[in-house]
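Undergrad: Can you read through this structure? Questions will come right after.
The values are calculated or read from the model by the stated rules, or taken from the named source; none is laboratory data. Here the structure is a predicted model, which is why all the values come from computation and not from measurement. Backbone-built Cβ (ideal geometry, glycine too); neighbour counts: all protein chains shown.
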Amino acid sequence: METVPPAAPAGDAEERFDLWRRRIGLAAAPVAFAAVWLLATGLETPARRLGAILAAVVVLWVSEALPMAITAFLGVAAAVVLGVAPAQAAFAPFADPLVFLFVGTFILARAIFFHRLDRRFAFAILGMRGVGERPGRVLIAYAVTAGTISMWISNTATTAMMFPIGVALLRSLESLSVGASSRGRATGFAAALLLSNAFAASIGGLATPVGTPPNLIGIGFIRQETGVDVSFFAWMALGVPVVVLTLAAMLTRFRVSVVDRTQRLDGVAAFVAAERAALGPWTRGQVNTLIAFAFAVTFWVLPGVLALLLGGDHPLCRQLASALPEGVVALLAAGLLFLLPTDLRRMEFTLDWREAVQIDWWIVFLYGGGIALGTLAFKTGLAEALGYRLTSLLGVQSELGLIALATVIATLLSETTSNTASANMVVPVVIAFAHSSGIDPVLPAVAATMGASLGFMLPVSTPCNAIVYASGRVPLTAMMRHGIWLDVAGVAAVIAVVALLGPLVRGALG
């Protein structure tokens, strides 16, 4: 399937910016280390040493001068070398149970991708009755498909999968572009359709703990530093409303600003029908993958539903929570993929190890390193000292104020650095800030975690944006114009949902 090559000037400018950002980061990291080491004399020695390490790590994360997982490894190793903590304590978070939730979920996602279950699901939604060939309906179906898939698999993988489908959908519109005004409408709709893919994939990841890595990073920090275990169901009770509100805001924006309701996209329905037919009947591998996926979702959500109905102290709820935590469920579901056969006579199963090892191991390592450095920040007193200084500087006195501040800061940071790095940097600071202010840190930390996935303005904000921008069909001005509006809508949705529904969810499940 053909795609339009990226516009050369924009691509060259992006590459030059990325190169200089990495060069500056590589030079600035040791400077930041030395500056904190020399100037933070008021801190205890372990906290001062860790502060210097974290300063260098933050610079390297923001600039991406080194692979992010390697930066996390080096940060933890440096903490051992400089005597901040012994090796056993420093590297213990790499065995955190949430690490295994990452691994199991990624293996499940790999099976969904390998057996093309995601494409079957995508074309099933696009082929629903009522979508037809109206631009607005096609845009809604396309965005909702991307958002729904990204609840369970990587946002980047979702965008990459939906991108060629979107390009093919645009061909029929471009065939109608005979006049200047028609070409203008076609160009505007093309940008909106592709942007809806990138934006919806980022938004959809907020719905579940496994939807995007920052969610599990935030949940890990909350559990480590507050003792509160945010369940799968509890997260969805907040994440799904945020997704619904933000997606609705995005679709309203596009329908009002770029969709021509008098136009028809001739041929779209035929294209979707042909693609569905090409997928053929369900395969044994697809059925098995669906069984494993359904098992995981059922036991991720069931404990929370039972806790809501029976109360968290009910013996059945306690037994389920103890025997089937989310990480164990993910590993059991992944294990099913190696047990459910596709051809038993030939000893072929739903997934083999060669496919399974293709998962994003770097995210697993980045998570372990981020949690390790955050844990050390609390143990050495660095986080507490930073929290007190921020409290006196900013003067935030209420939970609502901290929820709003945390969301805005995480969103702004995610515009220029990766979402995972943003979560690693902001969430522990927010928790420390809350402790020093006498505020319950759980909801502000949840808000900061969600804010870390709300960067929509720039190609560097997220790989999803970069994929559609590289097509040459999305002008930078369009991405910035729609992205800043969506940033504001997303921040408002997070603040409103966490502030209004958060206490209810906390009360029902806590």
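Matching residues to (1) in contact with a Gly (Cβ under 6 Å, 6 or more places away or on another chain); (2) more than 14 Å from Phe221 (Cβ to Cβ):
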residue	(1), (2)
Asp343	no, yes
Arg346	no, yes
Phe349	no, yes
Phe365	no, yes
Gly374	no, no
Leu382	yes, yes
Gly387	no, no
Leu393	no, yes
Ile409	no, yes
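Undergrad: Among the residues of region 1-33, which ones are at pLDDT below 80, surrounded by 14 or more Cβ atoms within 10 Å (Cβ to Cβ) and among the small types (Gly, Ala, Ser)? It would help to see each step written out before you state the result.
TA: To start, the set of residues in region 1-33 that are at pLDDT below 80 comprises 1-18.
This time we only want the ones that are surrounded by 14 or more Cβ atoms within 10 Å (Cβ to Cβ), so: 3, 6-7, 10-11, 14, 18.
Answer for region 1-33, where residues must be at pLDDT below 80, surrounded by 14 or more Cβ atoms within 10 Å (Cβ to Cβ) and among the small types (Gly, Ala, Ser): Ala7, Ala10, Gly11.
Undergrad: For residues that are of a type in the set (Lys, Arg) and in contact with a Cys (Cβ under 7 Å, 6 or more places away or on another chain), tally how many sit in region 291-328.
TA: Looking only at region 291-328, we keep the residues that are of a type in the set (Lys, Arg), and these are 318.
Subsequent filtering for residues that are in contact with a Cys (Cβ under 7 Å, 6 or more places away or on another chain) retains none.
Going through region 291-328 one residue at a time, the tally reaches 0.
Undergrad: Another question, if that's okay. Quick one: which of Ala356, Ala334, Ala385 is within 30 Å of Thr283 (Cα to Cα), of a type in the set (Gly, Ala, Ser) and either crowded, with 22+ Cβ neighbours inside 10 Å or touching an Asp or Glu at 6+ places or on another chain (Cβ under 9 Å) (or both)?
TA: Numbers: Ala356 fails: either crowded, with 22+ Cβ neighbours inside 10 Å or touching an Asp or Glu at 6+ places or on another chain (Cβ under 9 Å) (or both); Ala385 fails: within 30 Å of Thr283 (Cα to Cα).
Checking each option against the conditions leaves just Ala334.
Undergrad: Mind checking which pairs have a first residue in region 104-129 that is closer than 18 Å to Ala294 by Cα and modelled with pLDDT of 80 or more and a second that is outside any helix (DSSP H, G or I) and acidic (Asp, Glu), Cβ under 7 Å, 6 or more apart or different chains?
TA: Matching pairs, first to second residue: Phe106/Asp360.
Undergrad: Give me a count of the residues in region 404-419 that are of a type in the set (Val, Ile, Thr), crowded, with 18+ Cβ neighbours inside 10 Å and either more than 20 Å from Ile484 (Cα to Cα) or modelled with pLDDT under 80 (or both).
TA: Initial filter on region 404-419 (of a type in the set (Val, Ile, Thr)): 407-409, 411, 416-417.
If we keep only those that are crowded, with 18+ Cβ neighbours inside 10 Å as well, we get 407-409, 411, 417.
With the extra rule that they be either more than 20 Å from Ile484 (Cα to Cα) or modelled with pLDDT under 80 (or both), the set shrinks to 417.
Count: 1.
Undergrad: State whether one or more residues within region 419-426 are in a helix (DSSP H, G or I) and over 19 Å from Asn215 (Cβ atoms).
TA: So in region 419-426, the residues in a helix (DSSP H, G or I) come out as 419-426.
Of the ones still in play, those that are also over 19 Å from Asn215 (Cβ atoms) are none.
No, region 419-426 contains no residue that is in a helix (DSSP H, G or I) and over 19 Å from Asn215 (Cβ atoms).
Undergrad: Being in a helix (DSSP H, G or I), of a type in the set (D, E, K, R) and either closer than 18 Å to Ala423 by Cα or under 24 Å from the mean Cα position of the chain (by Cα) (or both) is the filter here, so list the residues in region 23-76 that pass it. Explain how you work it out, then say what you get.
TA: Going through region 23-76, the residues in a helix (DSSP H, G or I) turn out to be 23-39, 45-63, 68-76.
Then keep just the ones that are of a type in the set (D, E, K, R); that gives 23, 48-49.
Those that are in a helix (DSSP H, G or I), of a type in the set (D, E, K, R) and either closer than 18 Å to Ala423 by Cα or under 24 Å from the mean Cα position of the chain (by Cα) (or both): none in region 23-76.
Undergrad: Still on this structure: Go through region 447-499 and report how many residues are part of a helix (DSSP H, G or I), β-branched (Val, Ile, Thr), in contact (Cβ under 8 Å) with a residue 12 or more places away in the chain and closer than 22 Å to Val244 by Cα. I'd like the intermediate steps shown before the answer.
TA: Initially, region 447-499 is screened for residues part of a helix (DSSP H, G or I), giving 447-451, 459-461, 463-469, 476-499.
From what is left, the residues that are β-branched (Val, Ile, Thr) are 449, 460, 467-468, 477, 484, 488, 491, 494-495, 497-498.
When the remaining residues are screened for being in contact (Cβ under 8 Å) with a residue 12 or more places away in the chain, the result is 449, 460, 467-468, 484, 491, 494-495, 497-498.
In the following step, the residues that additionally are closer than 22 Å to Val244 by Cα were identified as 449, 484, 491, 494-495, 497-498.
The number of residues fulfilling the criteria is 7.
Undergrad: On the basis of being surrounded by fewer than 21 Cβ atoms within 10 Å (Cβ to Cβ) and in contact with a Pro (Cβ under 9 Å, 6 or more places away or on another chain), does Phe378 make the cut? Give the derivation first.
TA: Working: surrounded by fewer than 21 Cβ atoms within 10 Å (Cβ to Cβ): yes; in contact with a Pro (Cβ under 9 Å, 6 or more places away or on another chain): yes.
Spelling it out, Phe378 is indeed surrounded by fewer than 21 Cβ atoms within 10 Å (Cβ to Cβ) and in contact with a Pro (Cβ under 9 Å, 6 or more places away or on another chain).
Quick grid of which residues meet (1) among the hydrophobic types (A, V, I, L, M, F, W, C); (2) at pLDDT below 85:
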| position | (1), (2) |
| --- | --- |
| Thr158 | no, yes |
| Ala168 | yes, yes |
| Gly184 | no, yes |
| Asn197 | no, no |
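Every residue, every condition in (1) more than 15 Å from the chain's Cα centre (by Cα); (2) surrounded by fewer than 21 Cβ atoms within 10 Å (Cβ to Cβ); (3) of a type in the set (Ser, Thr, Tyr); (4) more than 30 Å from Leu308 (Cα to Cα), yes or no:
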| position | (1), (2), (3), (4) |
| --- | --- |
| Asp440 | yes, yes, no, no |
| Leu443 | yes, no, no, no |
| Gly451 | no, no, no, no |
| Leu458 | yes, yes, no, yes |
| Thr462 | no, no, yes, yes |
| Ser471 | yes, yes, yes, yes |
| Leu476 | yes, yes, no, yes |
| Leu504 | yes, yes, no, no |
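Undergrad: Moving to a separate point now. Please determine whether any residue of region 288-298 is touching a strand residue (DSSP E or B) at 6+ places or on another chain (Cβ under 9 Å), touching a residue at least 40 places away in the same chain (Cβ under 8 Å), assigned to a helix (DSSP H, G or I) and at negative phi. Working first, answer last.
TA: Our first condition is that a residue be touching a strand residue (DSSP E or B) at 6+ places or on another chain (Cβ under 9 Å); within region 288-298, this holds for 288.
Going one step further and asking which of them are touching a residue at least 40 places away in the same chain (Cβ under 8 Å), we end up with 288.
Within this subset, residues satisfying the condition of being assigned to a helix (DSSP H, G or I) are 288.
Within this subset, residues satisfying the condition of being at negative phi are 288.
Checked against the condition, which is being touching a strand residue (DSSP E or B) at 6+ places or on another chain (Cβ under 9 Å), touching a residue at least 40 places away in the same chain (Cβ under 8 Å), assigned to a helix (DSSP H, G or I) and at negative phi, region 288-298 yields at least one hit.
Undergrad: Continuing with this model, one more query. What are the residues in region 214-247 that are among the acidic types (Asp, Glu) and part of a loop (DSSP other than H, G, I, E, B), if any?
TA: So in region 214-247, the residues among the acidic types (Asp, Glu) come out as 225, 229.
Result: Asp229, single match.
Undergrad: Would region 308-327 turn up any residue that is modelled with pLDDT of 90 or more, in contact with a helix residue (DSSP H, G or I) (Cβ under 8 Å, 6 or more places away or on another chain) and small (Gly, Ala, Ser)? Don't jump to the end; show me each part of the working.
TA: Restricting attention to region 308-327, the residues satisfying the condition of being modelled with pLDDT of 90 or more are none.
So far as region 308-327 goes, no, none of its residues is modelled with pLDDT of 90 or more, in contact with a helix residue (DSSP H, G or I) (Cβ under 8 Å, 6 or more places away or on another chain) and small (Gly, Ala, Ser).
Undergrad: Here are Thr283, Thr246, Thr262, Thr252: which of them is modelled with pLDDT under 85 and either among the polar types (S, T, N, Q) or under 28 Å from Gly188 (Cα atoms) (or both)?
TA: On the way: Thr283 fails: modelled with pLDDT under 85; Thr246 fails: modelled with pLDDT under 85; Thr252 fails: modelled with pLDDT under 85.
Just a single option satisfies the conditions, and that option is Thr262.
Undergrad: Do you know which of the residues in region 305-359 that are of a type in the set (S, T, N, Q) and part of a helix (DSSP H, G or I) is nearest to Val230 (Cα to Cα)?
TA: Taking region 305-359 as the starting set, the residues that turn out to be of a type in the set (S, T, N, Q) are 319, 322, 342, 350, 358.
Among the residues that remain, those that are also part of a helix (DSSP H, G or I) are: 319, 322.
Numbers: Gln319: 17, Ser322: 14 Å.
Looking at residues that are of a type in the set (S, T, N, Q) and part of a helix (DSSP H, G or I), I get Ser322.
Undergrad: A further question follows. Could you say which residue among Leu98, Leu60, Leu108 is surrounded by 19 or more Cβ atoms within 10 Å (Cβ to Cβ) and closer than 15 Å to Tyr367 by Cβ?
TA: Working: Leu60 fails: closer than 15 Å to Tyr367 by Cβ; Leu108 fails: closer than 15 Å to Tyr367 by Cβ.
Only one candidate passes the filter, namely Leu98.
Undergrad: Look through Val58, Val84 and report the one residue that is at negative phi and at pLDDT 90 or above. Before you say what the answer is, go through the steps one by one.
TA: Numbers: Val58 fails: at pLDDT 90 or above.
Just one listed residue meets the conditions, Val84.
Undergrad: Now, a different point. Restricting the search to region 58-78, which residues are farther than 22 Å from Ala95 by Cβ and among the hydrophobic types (A, V, I, L, M, F, W, C)? Outline the logic, then answer.
TA: As a first pass, look at region 58-78 and keep what is farther than 22 Å from Ala95 by Cβ: 58-66.
Within region 58-78, Val58, Val59, Leu60, Trp61, Val62, Ala65, Leu66 qualify.
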